[in-house]
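Here, each number is a calculation from the coordinates, and none is a lab measurement. Everything quoted here is computed from the prediction, not taken from an experiment. As a convention, Cβ positions derive from the backbone with ideal geometry for all residues, glycine included, and neighbour counts pool all protein chains shown.
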Ligand SMILES: [Zn+2]
């Protein structure tokens, strides 16, 4: 087990300088009894788990995940803490997405190659590729986030960007599928930004002379090109940037405002 200073330094590094206390609330360190302490405090505070069993307990008892498949496989505790913190932030901001069944489990892809992460509307689970089980998963996640942020595909370079992104799909599903007023406002904002960045053209994942221009337009808006793909990716990228970046774009802040009905 790492000492307290050790893990703090590590988490500070892997989260790209963003404080784990960040927008979601205060972080408690190393509570001996996670559940009891949280009850005593009676306010939402994220608690770093010191080992994978505590992380699992926290995910089930405090975050109310139905299943903890990825934790059961024995992932690195820093990755587990990052995943839990992301779910904590999303719940703290958008409400009871786990209790309502929009996020039931965090799991690993089976028989899927070359897929990084996914939110499944069929079973309400977030899936990751098998890299998530590696001891050095956190380094890989950081590297992938930096590469994708650099070319303009992702709206932040945070290690846990993809976790927030996939959770963002769950929020989209709840807020936009269930509320036409919110949904219409999102479509309006998306259409406006799409036009500013891609014009009257068809979004493409292929890199060509046109998309290079659009990628650069998206960067000028401090947003990601991938987030222009459709309304669902727009919301997922906005939510990820809102939590993962020290300097989220106006787009991201506006999307969160709309989702909160403000
Ligand atoms: Zn997505």
**Message:** Can you tell me the length gained on complete extension of the stretch residue 260 to residue 191, counting 0.36 nm per residue apart and subtracting the Cα distance?
**Reply:** 22.9 nm
**Request:** Can you pull the one-decimal nm distance between simple spin-label points at residue 112 and residue 134, each 7 Å off the Cα toward Cβ?
**Result:** 1.9
**Fill in**
FRET efficiency (residue 146, residue 122; Cβ distance; R0 35 Å; to 0.05) is 0.65
**Complete:** Whole-Å distance linking the alpha carbon centroid of the stretch 43-122 with that of the stretch 240-256 is 22
**Request:** Return the FRET efficiency for the residue pair residue 221, residue 51: r is the Cβ-Cβ distance, R0 is 45 Å, and the value is rounded to the nearest 0.05.
**Result:** 0.60
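Which of 214, 203, 154 comes first, and how do the rest follow, when ranked by fewest Cβ neighbours within 10 Å?
203, 214, 154
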**Item:** Added length on full extension, which subtracts the Cα-Cα distance from 0.36 nm per residue, residue 92 to residue 184
**Value:** 30.7 nm
**Message:** Rounded, prolate or oblate, given the Cα gyration tensor of the stretch 98-186, with a/c below 1.5 counting as rounded?
**Reply:** oblate
**Request:** Enter the Cα centre distance for the pair the stretch 210-236 and the stretch 145-169, rounded to the nearest angstrom.
**Result:** 12
**Item:** Per-selection Kirkwood Rh - the stretch 122-262 (Cα, Å, 1 d.p.)
**Value:** 15.4
